[in-house]
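The structure appears right after this line, and notes come after that.
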Amino acid sequence: MAERKKGFVVAAVVVIALALVPLVVAREYVFSILCMIFLYVTLSQSWNILGGYTGQINVGQAAFFGIGALAARLLWVAGVPFYLSILAGGLSSVILAIIIGLPALKLRGHYFAIGTLAVASIAQITVGNILPGISFLPAQHMATYSLIPRYYVFLIIMVTALAAVYITVNSRIGLGMEATRDDEEAAQMVGVNTFKYKMIAFLISSFFAGLAGGGFAYFNASYYWYLPFTLMWCFEPILIVFIGGVGSFIGPIIGSVCYVLLKELFALTLGEANLLIFGIVFILTILFFPKGIIGLPAKLRQLFRRRGNVVGR
Amino acid sequence: MDLLKVENLSKSFGALWAVNNVSFTVGEGEIVGLIGPNGSGKSTVFQLITGLLRANRGTISYDGKDITGFKPYQISRSGIARTFQIVRPFPEMTTLKNVMVGRAFGSSSARSMKETEDEARRLLDLTGLTDKVSATAGHLGLIYRKKLELARALATKPKLLLLDEVMAGLNPTEMMETVEFLKTVRNSGVTMIVVEHVIKALFSMTDRVVVLNAGEKIAEGIPQEISRNEEVIKVYLGDYEHA
C-alpha cells in the first residue's frame, strides 16, 4: 500500500513537470521528441493491455492507429472541432475492434493474431488505393500551427491511457484478463467469461490506439494518407512492449523512452539501418530477457548468484 | 435432497463411448467417490458436468435446474467448482492473485478488491500456503500447486466441489491431512464428488461410491459393499484387497 502511494506521488510529480515543460523549454526539437515518446507510450500501453495482460496478440495495431488518424484528420480538415474529431477517431477504432473481435476472439489460439495482421494489410492497401496522395493541412490551420497544443494533446491522451490501463488492470476486470491469458479453460472453471474480458481489453486497446492516431493526424502538417496504416505501426508497439517488459505497467513506458531516444540517435548516425538494429535487439530480448528491461535486475541477480555458487564450490 | 442428478449421460469420441448411459445422483452434503480403472470415463464425467465437453445424450440437473449445455463459466457461477487431474493454476500470476480470481468471480464474488484480497489470504492460510503468497504459481512445487488449485476452487464458494485425484503424488502424512481438510470442507456445507485411485483414503471419507468401467456404471453403494462387490474386485479392486 505504501509502495502504491509512493508510486502515485512520483507519477503526479512527473505529470506536473511534463505539463510545465513548455513554460521552461523553447526548443522545438525537445517538444517533438517528447510528443513521440507520449505517442509511443500510448500506443504500446494500449497494445500491452490486450497482449501483455490478456494474452491476445494483436499483430495489426496499425489498422486501429490508422483508422483513428484517418477519421480524425478527415473530420478536422472538414471543419469539425479538433477534440470531437479525435474522439471520433477513437470511436472508429472501437467499431473496427467490435467487428473483428466478435468473431476472432471467440476462438482460442492464433486466429486473432492472423486475423488482425490480415486486417492491417487490407487496410493499408485499401487506403493506399483510395487515397493515394498526400494530406495537406488547409492554409488556415498551417498559419496557426504550433507545437505547444500538440504537446498537450499527446500528454493528455497518454495520461488518460495510462490511468485507464492502470485502473483496469488493478481491478476485478484485470484479474479476469490475466486469468484469461494464463489458461482460458481454467479461467472459465472459476467463473470468468473469458470472451467478455478479451473483448473489454480489445475495446480499451483500440480506443487508445485510435486516439494516438488522432494525435498523429493533428501533429503532422502533411503526410501520405496511408502512412499511419503502414506495418511499422504494427511492429513498433510490440517491439517496445517486449523490450520494456510485457505484461507490466512500467515496461511500455521505459520501452518507449528507450525506443524513441535510440531511434533518434540511430536515425542520425545510421539512417535506415536502425530498423535492423531494433530487429536484432527484439530477438535477443525474447531469447534472453523475456521479461524485458523490467525483468533485468532480477535476471542479473540470478546470473550473479549462479556464478557466485560456482565460485563457492 | 439431490444436489446433482446425472441421467443417461453419454459421450462418444468417434466410435468410442467414453461415457455410456451413466446415471447417478449426489445428495446435498454427501461425499461421493467416483472410481474405476484408467480410461473408464471418470474425468470425462467431470468434463461433462463442468461444461468443458458437451454430452451426446443425457441430462445433468443441479439444484433442481437443468444445466446441460451451460457454458463452463455459467456452471462455475451456479456453484460448481473443480480441480484438474493435471494441475492448472494460472502460471504467470502470484499465488495470491490465483485465489483472488476465484474469489472475484465464482458463484458469489466479493464486494471490493480489498475484500477479495483479504478473503484470498484467509484461504491461503487455511490451505497452508501462507508463506507462498507472493510466489509465482508456475514456479511452485507440485504439492503447493495442488493446494493452490484447491484454494482457488474453494474461493469460488462452491456448493458442489469436483476433485480429480487430489491425493496423487502425496505422501501418507499429506494424504491424511488432505482427508481431514476435506472433511472440514464438507462440514462447512460443501458437497463433493471425488475421483481417486488411492482407495483407502477415498473409502475413509466417502458416503457412497460409484464405479465406472469402460464408460459404464457397474456398481454403486456404500464403501463396504463396493469393496465386496465381485465385479468391482474383478475389474479394479483386485490388488487393493490383497494390499
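Listed values, structure above:
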quantity: Neighbours by Cβ (under 6 Å, 6+ apart or cross-chain): first from segment B:76-89, closer than 14 Å to B:Leu154 by Cα; second at pLDDT below 95 and of a type in the set (Lys, Arg); calculated: B:Pro89/B:Arg145
quantity: Conditions (1) free of Cβ contacts under 8 Å to residues at least 12 places away in the same chain; (2) open to solvent by less than 20 Å² (accessible area, probe 1.4 Å); (3) of a type in the set (Val, Ile, Thr): number failed by B:Thr184; calculated: (2)
quantity: In segment B:73-116, the residues that are among the acidic types (Asp, Glu) and either within 9 Å of another protein chain (Cβ to nearest Cβ) or closer than 15 Å to B:Ala135 by Cα (or both); calculated: B:Glu92
quantity: Residues that are open to solvent by 20 Å² or more (accessible area, probe 1.4 Å) and of a type in the set (Ser, Thr, Tyr), drawn from segment B:70-114; calculated: B:Tyr73, B:Ser78, B:Thr94, B:Ser107, B:Ser108, B:Ser109, B:Ser112
quantity: Unique residue being within 14 Å of another protein chain (Cβ to nearest Cβ) and within 21 Å of B:Tyr62 (Cβ to Cβ) when the list is B:Leu212, B:Leu163; calculated: B:Leu163
quantity: Given (1) open to solvent by 20 Å² or more (accessible area, probe 1.4 Å); (2) under 30 Å from A:Trp76 (Cα atoms); (3) not in a helix (DSSP H, G or I), number of the condition A:Ser135 does not satisfy; calculated: (1)
quantity: Residue that is modelled with the lowest pLDDT [pool: residues in segment A:242-272 that are open to solvent by 30 Å² or more (accessible area, probe 1.4 Å) and among the β-branched types (Val, Ile, Thr)]; calculated: A:Thr269
quantity: Only one of A:Leu74, A:Leu96, A:Leu117, A:Leu70 that is free of Cβ contacts under 8 Å to residues at least 40 places away in the same chain, within 23 Å of the chain's Cα centre (by Cα) and part of a helix (DSSP H, G or I); calculated: A:Leu74
quantity: Test result for B:Thr206, hydroxyl-bearing (Ser, Thr, Tyr), closer than 24 Å to B:Val6 by Cα and either modelled with pLDDT of 90 or more or assigned to a loop (DSSP other than H, G, I, E, B) (or both); calculated: yes
quantity: Residue in segment A:19-26 that is within 22 Å of A:Leu137 (Cβ to Cβ) and part of a helix (DSSP H, G or I) present; calculated: yes
quantity: Segment B:18-69: number of residues that are outside any loop (DSSP other than H, G, I, E, B), open to solvent by less than 30 Å² (accessible area, probe 1.4 Å) and within 14 Å of chain A (Cβ to nearest Cβ); calculated: 3
quantity: Residue match in segment A:32-45 (condition: over 17 Å from the mean Cα position of the chain (by Cα), crowded, with 24+ Cβ neighbours inside 10 Å and assigned to a helix (DSSP H, G or I)); calculated: no
quantity: B:Ala151 being open to solvent by less than 30 Å² (accessible area, probe 1.4 Å), among the small types (Gly, Ala, Ser) and out of contact with any Gly (no Cβ under 7 Å at 6 or more places or on another chain); calculated: yes
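Matching residues to (1) under 22 Å from B:Gly106 (Cβ atoms); (2) within 14 Å of another protein chain (Cβ to nearest Cβ):
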| position | (1), (2) |
| --- | --- |
| B:Thr127 | yes, no |
| B:Leu150 | yes, yes |
| B:Leu154 | yes, yes |
| B:Met167 | no, no |
| B:Glu196 | no, no |
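Residues checked against (1) open to solvent by 50 Å² or more (accessible area, probe 1.4 Å); (2) charged (D, E, K, R):
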residue	(1), (2)
A:Asn48	no, no
A:Ile57	yes, no
A:Ala69	no, no
A:Leu87	yes, no
A:Ser93	no, no
A:Lys106	yes, yes
A:Gly109	yes, no
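The values are calculated or read from the model by the stated rules, or taken from the named source; none is laboratory data. Note that the coordinates shown come from a computational prediction; the quantities given were computed from them, not determined experimentally. Reconstructed Cβ throughout: ideal geometry from the backbone, glycine too, with neighbour counts over all protein chains shown. Note: areas computed on protein heavy atoms with side chains; ligands, DNA, RNA excluded. Shrake-Rupley method; radii C 1.70, N 1.55, O 1.52, S 1.80 Å.
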